[in-house]
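The values are calculated or read from the model by the stated rules, or taken from the named source; none is laboratory data. Model, not experiment: these values are computed from the prediction. With ideal geometry, Cβ positions are generated from the backbone for all residues, glycine too; neighbour counts draw on all protein chains shown. The accessibility values were calculated without ligands, DNA or RNA, using every heavy atom of the protein model including side chains. Shrake-Rupley method; radii C 1.70, N 1.55, O 1.52, S 1.80 Å.
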Amino acid sequence: MNTKLIMILSAMFLAVAGMGLTFFPQELNAYIAIGVNKYFTLIIQIMGALYFGFAMINWMAKGSIIGGIYNRPLVIGNFAHFFIGGIALVKVVLADDHMPAAIWILAGIYSVFAILFGILFNRHPNAQA
């Protein structure tokens, strides 16, 4: 399994999400019809910083040995994020099939990354896939 590719793709996804949340919180508020809410805007921007920080961690670790006991905190952090987020997103799209396409796409992306990081967590870096 090409861990460098997984880390690059997850870093790119998280960086785009982080920059979007950081720089476009008012537009997101308008998109989900919340209106002008300075507290929610602040929470969205802080969440964007979190995503961007996670992206930087993944980007910096892309060349490292990953899997099994190697970089376990990094793998379990990514797995927890994508698994919990994936469960929440899949639960929402299964409960309401009229969700916007963006939510369906996010559910798919989160599910794929959850599976990939779950595999990385449970395999030795030298194991054949």
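The share of accessible area on the chain that comes from carbon and sulfur is 74 percent, using a 1.4 angstrom probe. Here the extension length gained between Lys62 and Leu28 equals 9.2 nm, from 0.36 nm per residue of separation less the Cα-Cα distance. Counting only lysines at least 8 places from Lys91 when in the same chain, there are none with an alpha carbon closer than 22 Å to its own. When the alpha-carbon atoms of the chain are used, the pair Rg, Dmax equals 16.0, 52 angstrom.
Relative to the longest principal axis of the Cα atoms of the chain, helix 101-121 runs at roughly 20 degrees. Note that the chain presents 62 Å² accessible area per residue, ligands and nucleic acids not counted, probe 1.4 Å. Taken along the Cα-to-beta-carbon direction at a fixed 7 Å, the label points for Ile103 and Met19 span 2.7 nm. Summing Cβ point charges (Lys, Arg +1; Asp, Glu -1) relative to the Cα centre of the chain gives a dipole of roughly 420 debye.
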